[in-house]
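> Structure in structure tokens, see below.
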Amino acid sequence: MNDVRVGMIGYKFMGKAHSNAYRALPMFFPNVIRPEMKAICGRDERAVEKARLQFGWEYAETDWRKLVDRDDIDLIDISAPSDVHKEIAIAAAAAGKHIFCEKPLALNLADSVEMLSAAEKAGVKHMVGFNYRFAPAVQLAKKLIAEGRIGEIYHYRGLFLQDWIVDPEFPLVWRLQKEIAGSGSHGDLGAHVIDMARFLVGEFQEVIGMSETFVKERPLPGSMVGGETVGDKNAPRGQVTVDDATLFLARFAGGALGSIEATRFAAGHRCTNSFEINGSRGSLKFDFERVNELQVYFTDDAHDVQGFRRVLATDSAHAYSGAWWPPGHSIGYEHTFTHEVYELMLAIAEDRQPSPSFVDGVACQAVLEAVDRSIEERRWVAISELQ
Ligand code: SOE
């Protein structure tokens, strides 16, 4: 089968992560069809040209419509902020291109449903970027659950804790503006936790939440210093229009109880994306800050040695690990994207939908929106109320 020719929109954080994944794939996973890094697109001509050279793309475009219309592109990668996902995805589907879109899929549930139906109508492949599923330790958790090794699941405790906006002088970047980001910690971090929970323990049934914006005004974005956006104390201020933290309780269709917390105000936590799952026969614990490890506890271990033990998911027995380095040679954040792109290429080669697809993007969006409704109306909201 021919290479898959990719056109990517966006060249910042996610654009870099995806570019790295496309480049690494043929070297470490030579048995799958290759992504060809055809064209990268962004509005700022000089910046996109710089990214093209740095990341290794063949062409640069400044108009995403032109990119979507190019005959030499099979897959559109949407690595741009959330407010443009819908328009680009629908245009890409109409042009018959496969779509790989970053999370959250859209600004709201209705938009995500439109994106899914456009992709289904066009018969193209669609994938949403929930990359954390692809850590080998997470795949191991999934396997142990499927094998019944921790029995019936009672609890899912999911956290995504960051601290990059604790400083009230941190500027009002796009991630803090509702029109562009859709929501704050909820859609950015909570979306990952929701997807992880769905992946591991199944569908949400009902939710009730609360949220807070601790710092309501911030300096308008200033200059970039060493790649970091910095605030200017004398700069005019603007309104923060998203949540700084959103917490919620959940009941899963399978009977488990869940608690989920997403915040950018957990001082000391740079990227604590973690879960603990308790079942009738054992428990599992994962923390992305120790991405190679899964903590496991089994009730049928001999009583005198019972306790959590650390499994290093770096052996060839673990998903994807055999493709990298000998056992014990750790991998990191960027590898989750390589695995994600591997799954996408495999699905295209096998002419089936990849997972997670836009169907998962929509399901996540429904949970996000049910939580928002529960906060507004101060009550439990069933996910079925939104469908
Ligand atoms: C935000 O800080 C962010 O970069 C998210 O947008 C990502 O999805 C998450 O992986 C890490 O944090």
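> Looking at 141, 118, 135, 146, which is the one that is more than 30 Å from residue 234 (Cβ to Cβ), surrounded by fewer than 19 Cβ atoms within 10 Å (Cβ to Cβ) and of a type in the set (A, V, I, L, M, F, W, C)?
Working: 141 fails: surrounded by fewer than 19 Cβ atoms within 10 Å (Cβ to Cβ); 118 fails: surrounded by fewer than 19 Cβ atoms within 10 Å (Cβ to Cβ); 135 fails: surrounded by fewer than 19 Cβ atoms within 10 Å (Cβ to Cβ).
146 is the lone residue from the list that is more than 30 Å from residue 234 (Cβ to Cβ), surrounded by fewer than 19 Cβ atoms within 10 Å (Cβ to Cβ) and of a type in the set (A, V, I, L, M, F, W, C).
> Next question, about the same structure. If you check residue 183 against the conditions, is it crowded, with 24+ Cβ neighbours inside 10 Å and either among the aliphatic types (A, V, I, L, M) or farther than 18 Å from residue 277 by Cβ (or both)?
The answer is yes for residue 183.
> Suppose the filter is touching a strand residue (DSSP E or B) at 6+ places or on another chain (Cβ under 9 Å) and modelled with pLDDT of 95 or more; does residue 316 pass it?
Criteria not met by residue 316.
> Let me ask you something else. Tell me, which residue of region 95-130 that is over 17 Å from residue 80 (Cβ atoms) and basic (Lys, Arg) is farthest from the chain's Cα centre (by Cα)?
121
> To continue, here is another question. Does region 279-286 include one or more residues that are within 19 Å of residue 192 (Cβ to Cβ) and hydroxyl-bearing (Ser, Thr, Tyr)?
The answer is no; no qualifying residue exists.
> May I ask you to list pairs of residues, at least six apart or on different chains, whose Cβ atoms are under 8 Å apart, with the first in region 256-268 being within 12 Å of the ligand (Cβ to nearest atom) and the second being of a type in the set (Phe, Trp, Tyr)?
From residues that are within 12 Å of the ligand (Cβ to nearest atom), the pairs are 262/160; 263/160; 264/164.
> With the structure loaded, tell me whether residue 291 is loosely packed, with under 15 Cβ neighbours inside 10 Å, at pLDDT 95 or above and out of contact with any strand residue (DSSP E or B) (no Cβ under 8 Å at 6 or more places or on another chain) or whether it fails that test.
No: the conditions fail for residue 291.
> Would it be correct to say that residue 299 is modelled with pLDDT of 95 or more, within 19 Å of residue 147 (Cα to Cα) and in the same structural domain as residue 271 (by TED's automatic domain parsing)?
yes
> Still on this structure: Looking only at region 43-61, decide whether some residue is under 19 Å from residue 131 (Cα atoms), touching a helix residue (DSSP H, G or I) at 6+ places or on another chain (Cβ under 9 Å), at pLDDT 95 or above and of a type in the set (A, V, I, L, M, F, W, C).
Checked region 43-61: no residue is under 19 Å from residue 131 (Cα atoms), touching a helix residue (DSSP H, G or I) at 6+ places or on another chain (Cβ under 9 Å), at pLDDT 95 or above and of a type in the set (A, V, I, L, M, F, W, C).
> Would you check if there is a residue in region 336-352 being within 16 Å of the ligand (Cβ to nearest atom), out of contact with any strand residue (DSSP E or B) (no Cβ under 7 Å at 6 or more places or on another chain) and more than 30 Å from residue 178 (Cβ to Cβ)?
yes
> Could you grab me the full set of residues in region 233-247 that are of a type in the set (S, T, N, Q) and part of a loop (DSSP other than H, G, I, E, B)?
Answer for region 233-247, where residues must be of a type in the set (S, T, N, Q) and part of a loop (DSSP other than H, G, I, E, B): 234, 241.
> Having 2 or more residues that are touching a residue at least 60 places away in the same chain (Cβ under 8 Å) and either in contact with a Leu (Cβ under 6 Å, 6 or more places away or on another chain) or within 24 Å of residue 191 (Cβ to Cβ) (or both) is the bar; report the helices (runs of 4 or more DSSP H) wholly within region 1-91 that clear it.
Once the helices (runs of 4 or more DSSP H) in region 1-91 are filtered for at least 2 residues that are touching a residue at least 60 places away in the same chain (Cβ under 8 Å) and either in contact with a Leu (Cβ under 6 Å, 6 or more places away or on another chain) or within 24 Å of residue 191 (Cβ to Cβ) (or both), what remains is 13-28.
> Residue 138 versus (1) in a helix (DSSP H, G or I); (2) under 30 Å from residue 43 (Cα atoms); (3) within 16 Å of the ligand (Cβ to nearest atom); (4) of a type in the set (A, V, I, L, M): which is the lone unmet condition?
Just one mismatch for residue 138, condition (2).
> Among the residues of region 99-135 satisfying the criterion of being among the β-branched types (Val, Ile, Thr) and outside any helix (DSSP H, G or I), which is nearest to residue 67 (Cα to Cα)?
99
> Among the residues of region 121-135, which ones are of a type in the set (Lys, Arg) and within 16 Å of the ligand (Cβ to nearest atom)?
133
> Okay, next question. Would you kindly identify the strands (runs of 3 or more DSSP E) lying entirely within region 148-222 that contain at least 1 residues that are within 18 Å of the chain's Cα centre (by Cα) and within 16 Å of the ligand (Cβ to nearest atom)?
The strands (runs of 3 or more DSSP E) meeting that bar are 153-161.
> Follow-up. Within the bounds of region 288-296, is there any residue that is in a strand (DSSP E or B), within 16 Å of the ligand (Cβ to nearest atom) and aromatic (Phe, Trp, Tyr)? Walk me through how you get there before you give the answer.
First, pick out the residues of region 288-296 that are in a strand (DSSP E or B): 293-296.
Next cut, within 16 Å of the ligand (Cβ to nearest atom) only: none.
No; the residues of region 288-296 include none that is in a strand (DSSP E or B), within 16 Å of the ligand (Cβ to nearest atom) and aromatic (Phe, Trp, Tyr).
The values are calculated or read from the model by the stated rules, or taken from the named source; none is laboratory data. Quick caveat, the model's predicted, so the values are computed rather than measured. With ideal geometry, Cβ positions are generated from the backbone for all residues, glycine too; neighbour counts draw on all protein chains shown.
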